[in-house]
Amino acid sequence: MEPPEAHGAHGSTVLAEVRGAVGLARLNRPEARNALSPEVMETLAQLLEAFDADPAIRCVVVAGGDEVFAAGADIKAMRDRSFQEALVSPAARFWPRVAACRTPLVAAVSGYALGAGCELALACDMIVASETAEFGQPEIMLGIIPGGGGTQRLARVVGKQRAMELVLTGRRIGAQEALRFGFVNQVAGKREWLEKALEVAGVVARRPPIATRLAKQAVLAAEEAGLTAGLDHERRLFEIAMATEDRVEGMTAFIEKRPPEFRGR
Ligand code: HXC
């Protein structure tokens, strides 16, 4: 494990670890149920950007603790925010910064992932959930609506009817229902959720890094573009992948019946 200082400024509310080629960002504010205060958001965004800029990091896991992934934006910090302040809040910049990460992100969710916590999981590329996980968008009960992608990403992932129900009622769903909805990739035991997420991230981390970043971009383009534009975009990214040394190595290794040695070139 490398010292966390290697990955830039961060405080004790977000812990950084490096396990091989996987970066681990852990929310650590249990007394406030990992509520995403502006400080936590800034710290997490800086850490994700530092991981993203490090060529030795091939995949990142975003996790909370056993009891809670994140209980949402910090309601105490938000309550007295004026309309004018909300317009210029640095918290608004947090979401595009997470979305701009080219390195694949795996959310490891145990316990509550509510409001902005649920949106943070949705902003990741895959979700591994503990059997204890509970997801929800309770904003409606506070008189607001999701503001970090919880209407847009959720509707794309689970479909309009289900998203509408969750956003309008604030109902929470457990890990098994989330699995049925296609919202999470896998459900793990309550003592194994983090290891399982690190395992998935470890598999991605062994894949050639240029191709994984191109693949992430290509799949995300499916949410943005119509089919023809999306297919065009995919084709261009595919052609870039064809220009890498790693793909020559990958194909040669297959033909020579040996494991590939990817160099990120
Ligand atoms: C600030 C929070 C908080 C939050 C919990 N706490 N969630 N503080 N913001 N989102 C604080 C509590 O006030 C309390 O502080 C301490 O953490 C423990 O919380 P409890 O409620 O006593 O814990 P528990 O009974 O275990 O219940 C856990 C919980 C519940 C189910 C997660 O705390 C809860 O419902 N939290 C709010 C969930 C929510 O509405 N999220 C949406 C936020 S709005 P004290 O000082 O009393 O010890 C949002 C908008 C996003 O996310 C918009 C885009 C950015």
Under 26 Å from LYS196, Cα to Cα: lysines that are on another chain or at least 8 residues apart: LYS216
- line: In a Gaussian network model of the chain with springs linking alpha carbons closer than 10 Å, the residue among GLY143, GLY182, GLY64 that fluctuates most is GLY143
query: Taking the Cα centre of region 133-212 as origin and charging only Cβ (+1 Lys, Arg; -1 Asp, Glu), how large is the dipole, in debye to the nearest 20?
result: 200 debye
- prompt: What's the extension gain from PHE238 to ARG102 if we count 0.36 nm per residue and subtract their Cα-Cα distance?
  reply: 47.4 nm
field: Taking PHE51, PHE69, PHE262 and counting other C-beta atoms within 10 Å, the order from fewest to most
entry: PHE262, PHE51, PHE69
query: What are the ³J(HN,Hα) values, in whole Hz, obtained from phi via the Karplus relation 6.51 cos²θ - 1.76 cosθ + 1.60 with θ = phi - 60°, for each residue of region 190-200 in sequence order, with x given for Gly and Pro?
result: 5, 9, 10, 4, 6, 4, 4, 5, 5, 5, 4
statement: Kirkwood-based Rg/Rh on the Cα set of the chain evaluates to 0.98
task: Post the alpha-carbon centroid distance, region 66-134 to region 186-222, in whole angstrom.
output: 19 Å
The chain: calculated mean residue ellipticity at 222 nm from DSSP helix runs of at least 4, using -39500 (n - 2.57): -14000 deg cm²/dmol
query: Karplus couplings for region 60-76 from phi (6.51 cos²θ - 1.76 cosθ + 1.60, θ = phi - 60°), rounded to Hz, Gly and Pro as x?
result: 10, 9, 10, 9, x, x, 4, 7, 8, 7, 6, 8, x, 5, 6, 5, 5
task: Pull up all non-local amide H partners of ALA188: gap of 5 or more, or a different chain, and H-to-H distance under 5 Å with H placed in the peptide plane.
output: ALA129, SER130, GLU131
- prompt: Between ARG206 and ARG265, what is the label-to-label distance in nm when each label sits 7 Å out along the Cα-to-Cβ direction?
  reply: 2.3 nm
query: What are the ³J(HN,Hα) values, in whole Hz, obtained from phi via the Karplus relation 6.51 cos²θ - 1.76 cosθ + 1.60 with θ = phi - 60°, for each residue of region 176-189 in sequence order, with x given for Gly and Pro?
result: 5, 5, 4, 5, 4, 6, x, 7, 10, 7, 7, 10, 10, x
- request: Please identify, among ALA107, ALA63, ALA218, the residue showing maximal mean-square fluctuation in a Gaussian network model of the chain using a 10 angstrom Cα cutoff.
  value: ALA218
- line: Largest first and rounded to whole Å, the semi-axes √(5λ) derived from the alpha carbon gyration tensor of region 124-222 read 27, 19, 10
- request: Please report TRP95, TRP193 as a ranked list, fewest other C-beta atoms within 10 angstrom at the top and most at the bottom.
  value: TRP95, TRP193
- request: Mind telling me which of ALA86, ALA175, ALA45 comes out most flexible in a GNM of the chain, alpha-carbon contacts under 10 Å?
  value: ALA86
Computed lengthening from GLU85 to ILE145, 0.36 nm per intervening residue step minus Cα-Cα distance: 19.9 nm
- request: Compute the whole-percent fraction of alpha carbon pairs in region 25-110 spaced more than 14 Å apart.
  value: 66 percent
field: Ordering of 229-235, 151-157 by burial proxy (mean other Cβ atoms within 10 Å per residue, highest first)
entry: 151-157, 229-235
- line: quick note, the chain, DSSP beta bridge pairs, % antiparallel (nearest 5) is 25 percent
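No value in this document is a laboratory result; all are computed from the given coordinates. These numbers come from a predicted model, not from an experiment. For neighbour counting, all protein chains shown are included, and Cβ atoms are generated from backbone atoms with ideal geometry for every residue, glycine included.
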